[in-house]
Amino acid sequence: MSSGVEADIALDAAVILTLGMNRVLGRGAGLAGRGAEALAALAAGRAEARAAALAEVETHERALREVVERNARIAALAETRAKIGADAALPEPLRPQEHQTPEELAAWCAALDPVLDEAERALSEHLAAQVTAQIFTVPAAGLQADTGQRGPEQGASPVPRVQDDVQGTLERIMTRLLPDAAEGERRAVADAARLLAGTGTAEEAEAVLQEVRLRIRDANRRTGERRERERRRAAERDAAEQAEAERRYVLDSITTAFEDMGYEVAPGFETLTADGGALVLTKGGWPEHSVKMRVDDAAHVRAAMVRETPAESEDDRRVDAEREREWCEAFEAARTRLAAAGIRSQVAWRLEPGVRELPVSERPRQTGGRAERRERRRERGR
């Protein structure tokens, strides 16, 4: 934009934390509870009260994130249970409520952790028993030689006892396999385990069991890597959702501030093809002027006054300068209002009124009707 002002934006910690809490709770972007108290204390200059309120917001937000992590683990275990056909019991996920205290949420997480550990063990045991049963469905003909036992004709113990020992060892080893290992990983472990049916000595059986151990180790390593990738993707999605919530909060706050000062605020034409960060500000007494504003990533705002038609006389240019001064005063008043909402701004560039001829708007003026503005106000009030 060739004329106007640019400012850097920083959101207060209370806003950032509360927006994160609202997303978890499924609420809108309006501040509530301790977050609002922290902002009120900031506006009133009460540092001690603000620190206490902010600490409580941080504690609550951290507890909510812990709940989200447990819910994600429940969902992952439920998916694994369905894949392997197990019937292990799983707790229901928690849907946090606004009235629940951080202590209550933390207690739920602490009580849930051993339950989830036990559920994961049960799934691993089910998978181990499943694979082992498939392998030893038909008694093996091998495992008869070099076991330290004589044949039946010499009064030796029957071969099935040796096989039972191997089967028990295999099942114990198989319980180490993470239950959410990929199908290909489980198949590779099972393929190695099936070689036991063809072994003829205890040494051969032990060699096969060692291969099973190695394949389980590799499968668990790859499963751990996949879990970490999924955690990173979840963190990236969370960060993107948080950034969008912050951007929307800034846009809504700017809209509210200028509407309260008598401006009409409508989406910019750029929103048809861009990310919805553009606004057009107009006023009843401005037939020839408007302000185009853009918010980038809730971190930077740019605004410039434009004309609807080219200036043709000195009187037009005098009116331009008056409108620019009016706009600059309104912008400073809006900054004060935004600061009360936890949005601090630092002007990085400003063009003083009358220094440069106003550019002409490239598109016809777009304004919202009164009904549309009333609807926006109702939406913000919810």
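Criterion first (outside any helix (DSSP H, G or I) and within 39 Å of the chain's Cα centre (by Cα)) does Arg294 satisfy it?
Working: outside any helix (DSSP H, G or I): yes; within 39 Å of the chain's Cα centre (by Cα): yes.
Here the answer is yes, as Arg294 does meet what is asked.
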Would you say Ala303 is assigned to a loop (DSSP other than H, G, I, E, B), open to solvent by less than 40 Å² (accessible area, probe 1.4 Å) and among the aliphatic types (A, V, I, L, M)?
no
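For residues in region 83-96 being open to solvent by 80 Å² or more (accessible area, probe 1.4 Å) and not aliphatic (A, V, I, L, M), which is nearest to the chain's Cα centre (by Cα)?
We begin by selecting, within region 83-96, every residue open to solvent by 80 Å² or more (accessible area, probe 1.4 Å); these are 83, 87, 89, 92, 95.
Among the residues that remain, those that are also not aliphatic (A, V, I, L, M) are: 83, 87, 92, 95.
Values: Lys83: 26, Asp87: 30, Glu92: 21, Arg95: 16 Å.
Filtering region 83-96 for residues that are open to solvent by 80 Å² or more (accessible area, probe 1.4 Å) and not aliphatic (A, V, I, L, M), the one nearest to the chain's Cα centre (by Cα) comes out as Arg95.
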Between Arg217, Arg194, Arg186, which is open to solvent by 60 Å² or more (accessible area, probe 1.4 Å), in a helix (DSSP H, G or I) and touching a helix residue (DSSP H, G or I) at 6+ places or on another chain (Cβ under 9 Å)?
Arg194
When restricted to Glu66, Glu56, the only residue out of contact with any Pro (no Cβ under 7 Å at 6 or more places or on another chain), open to solvent by 30 Å² or more (accessible area, probe 1.4 Å) and modelled with pLDDT of 90 or more is Glu66
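Look at region 197-214 and say how many of its residues are in contact (Cβ under 8 Å) with a residue 60 or more places away in the chain and open to solvent by less than 60 Å² (accessible area, probe 1.4 Å). First the steps, then the outcome.
Within region 197-214, the first condition is being in contact (Cβ under 8 Å) with a residue 60 or more places away in the chain, and the residues that meet it are 197, 204-205.
Narrowing further to those that are open to solvent by less than 60 Å² (accessible area, probe 1.4 Å): 197, 205.
Qualifying residue count for the region: 2.
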Inspect region 1-9 for any residue being open to solvent by 60 Å² or more (accessible area, probe 1.4 Å) and at pLDDT below 85 and give the result as yes or no.
yes
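Has region 91-101 got at least one residue that is in a helix (DSSP H, G or I) and over 22 Å from Arg237 (Cα atoms)? Before the answer, list the steps.
Residues of region 91-101 that are in a helix (DSSP H, G or I), as a first pass: none.
Looking through region 91-101, none of the residues is in a helix (DSSP H, G or I) and over 22 Å from Arg237 (Cα atoms).
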(1) surrounded by 12 or more Cβ atoms within 10 Å (Cβ to Cβ); (2) among the β-branched types (Val, Ile, Thr); (3) in a loop (DSSP other than H, G, I, E, B): which one isn't true of Thr223, the others all being true?
(3)
Close pairs (6 angstrom Cβ cut-off, 6 or more residues apart or separate chains): surrounded by fewer than 22 Cβ atoms within 10 Å (Cβ to Cβ) in region 276-299, modelled with pLDDT of 85 or more and of a type in the set (Gly, Ala, Ser) anywhere:
Thr282/Ser290; Arg294/Ala278
On the basis of being at pLDDT 90 or above, within 21 Å of the chain's Cα centre (by Cα) and farther than 30 Å from Asp12 by Cβ, does Glu230 make the cut?
yes
Are any of the residues in region 39-46 over 21 Å from Gln242 (Cα atoms), modelled with pLDDT of 80 or more, of a type outside the set (A, V, I, L, M, F, W, C) and part of a helix (DSSP H, G or I)?
no
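The values are calculated or read from the model by the stated rules, or taken from the named source; none is laboratory data. Given the structure is predicted, the values throughout are model-derived calculations rather than measurements. A quick note on method: Cβ atoms are made from the backbone with ideal geometry, for glycine too, and the neighbour counts reach across all protein chains shown. We work out accessible area using only protein heavy atoms, side chains counted, and drop any ligands, DNA or RNA first. Shrake-Rupley method; radii C 1.70, N 1.55, O 1.52, S 1.80 Å.
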